[in-house]
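Report on one structure; see the data block that follows.
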């Protein structure tokens with residue numbers, strides 16, 4: 001009983017007094033809005049809908065749960081311009097520390113190297129974040145009578161606030177280029193440019209530090225049925241550093257426009273934190289991926305090496321037909 005109370009208090013303390021870190025996913029390539037605003041509209045199609053869900057630390061304390069929903073699109077009326085909206089909900093620990101984020105994003109793409117089919121995108125994102133905490137769900141020293149724990153006893157604590165809200169601003173750039181055997185891309189983004197105050201005790205020095213992202217990929221076509229896709233992500237936020245390296249391998253069943261079908265699997269590693277496996281399928285308009293983290297950090301004794309289960313789903317709608325355009329709807333064999 002005492003060990004469970006101690007672990008719960010440790011996680012609650014981390015949530016309350018530490019410098020905040022942003023929401024992010026292991027399948028970062030399935031969550032463009034938390035990776036780089038310049039990725040808004042970075043897809044082939046008219047409208048993209050994205051869903052993400054992650055659960056972790058189930059074996060240690062109350063599971064941490066993160067949900068994300070986003071949509072972005074583009075039209076021929078504004079060439080190279082894309083806009084999107086995203087919503088994230090994160091709930092952490094026994095205190096039910098809840099964070100809700102809603103963001104509006106926009107990006108502009110330019111062709112910068114016609115011979116090599118290069119494109120540069122620059123994006124901006126503006127959002128509002130609200131946070132709340134349930135102090136009654138925590139355990140306190142005053143509730144220990146000396147003989148037993150009394151959850152109904154007064155905590156003897158007073159808190160300045162149990163919620164707060166703030167605005168935030170992010171920006172980024174992304175360059176991609178098509179080659180004979182594949183495509184590569186690299187991007188840089190800055191989140192939390194305004195360093196908003198996050199203190200529950202109205203102490204101005206507790207701020208959400210800017211987060212810097214460096215990310216890249218190379219999708220290389222080995223032959224007609226195999227494609228390999230190495231990726232990397234480097235994130236820095238105040239003293240924290242996180243480097244993720246890995247690759248996915250795709251087995252291609254069909255490689256036609258709007259009939260791309262493949263199965264993929266891969267292995268990734270986050271330095272000093274976790275390794276994780278990914279698997280998924282792409283079927284026409286759908287891209288569904290699963291991942292599971294294996295904890296390799298100093299929390300291994302508490303977590304039993306278990307990390308987080310995550311799912312990422314992307315659905316892309318075809319662009320609307322242009323006026324006067326004849327759209328073939330019959331299969332090729334008719």
Viscosity 1.306 mPa s, temperature 10 °C: what is the translational diffusion coefficient of segment 2-317 from Stokes-Einstein with a Kirkwood Rh over Cα pairs, rounded to a whole number of µm²/s?
75
Distance (nanometres) between label positions extended 7 Å along Cα→Cβ at residue 104 and residue 212
3.0
Using a Förster radius of 35 Å, what is the FRET efficiency between residue 232 and residue 96 based on their Cβ-Cβ separation? Nearest 0.05, please.
0.50
Pairwise label distance in nanometres, residue 145 with residue 67, each label 7 Å out on the Cα-Cβ vector:
3.9
Please give the length that would be gained between residue 78 and residue 155 if that part of the chain were fully extended, namely 0.36 nm times their separation in residues minus their C-alpha to C-alpha distance (nm, one decimal).
21.9 nm
Apply the a/c threshold of 1.5 to the C-alpha gyration tensor of segment 158-282 and tell me whether it is rounded, prolate or oblate.
prolate
Extended-chain gain in nm, criterion 0.36 nm per residue less alpha-carbon gap, residue 166 and residue 44:
40.5 nm
Cα centroid separation, segment 92-107 to segment 208-279 (Å)
24
Here, residue 288 and residue 251, labelled 7 Å along Cα→Cβ, have an inter-label distance in nm of 1.7
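Laboratory data are not the source of any read-out in this text; all were calculated from the coordinates shown. Since the model is a prediction, treat every value here as computed from it, not as a measurement. Here the Cβ is made from the backbone with ideal geometry for all residues, glycine too, and neighbour counts use every protein chain on show.
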